[in-house]
Amino acid sequence: MSESNNLPQAISHKKLSYLMLKAQKDAHFSDELAEIESPEKREFEELINNWEASTKKVVNELSKRKENTLKDKSPNSLIALGAMEVHLNMALQALNAFNKGVDGEK
């Protein structure tokens, strides 16, 4: 009970942030957390890998510009399709940058 009397009534956000940064990590807790996150992380990685493969297939098909699949489309539809292709390529580049960042942290 005497310990609770020594606790401060309030603590600033700045002081709390400082203490959290300087606190030592509990090795046992970190291992448990890694085990909990592992299935979610694997599921996310699988989703990303599937998305990447599907997106690359779509981009490859778009780059072929098959006349049979595009002949009945309006000019606005073709412009929209071109914009989609650009956005998919940017998304793939963003994923590549993300993957480099993850690998760089390890």
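Worth a mention:
- Pairs where the first residue, in the stretch 29-48, is within 29 Å of LEU92 (Cβ to Cβ) and the second is at pLDDT 90 or above and surrounded by 10 or more Cβ atoms within 10 Å (Cβ to Cβ), C-beta under 7 Å, 6+ apart: ILE48/LEU95
- Residues being open to solvent by 90 Å² or more (accessible area, probe 1.4 Å), in contact (Cβ under 8 Å) with a residue 24 or more places away in the chain and of a type in the set (S, T, N, Q) - total across the stretch 53-76: 0
- Checked against (1) at pLDDT 90 or above; (2) surrounded by fewer than 10 Cβ atoms within 10 Å (Cβ to Cβ); (3) acidic (Asp, Glu), GLU45 meets all criteria but (2).
- Residue match in the stretch 84-102 (condition: more than 26 Å from the chain's Cα centre (by Cα), open to solvent by less than 90 Å² (accessible area, probe 1.4 Å) and modelled with pLDDT of 80 or more): no
- The single condition among (1) open to solvent by 100 Å² or more (accessible area, probe 1.4 Å); (2) at pLDDT 80 or above that ILE36 does not satisfy is (2).
The values are calculated or read from the model by the stated rules, or taken from the named source; none is laboratory data. On a predicted model such as this, the values are computed, not experimentally measured, just so you know. For neighbour counting, all protein chains shown are included, and Cβ atoms are generated from backbone atoms with ideal geometry for every residue, glycine included. In case anyone asks, the SASA skips ligands and DNA or RNA and just uses the protein heavy atoms, side chains included. Shrake-Rupley method; radii C 1.70, N 1.55, O 1.52, S 1.80 Å.
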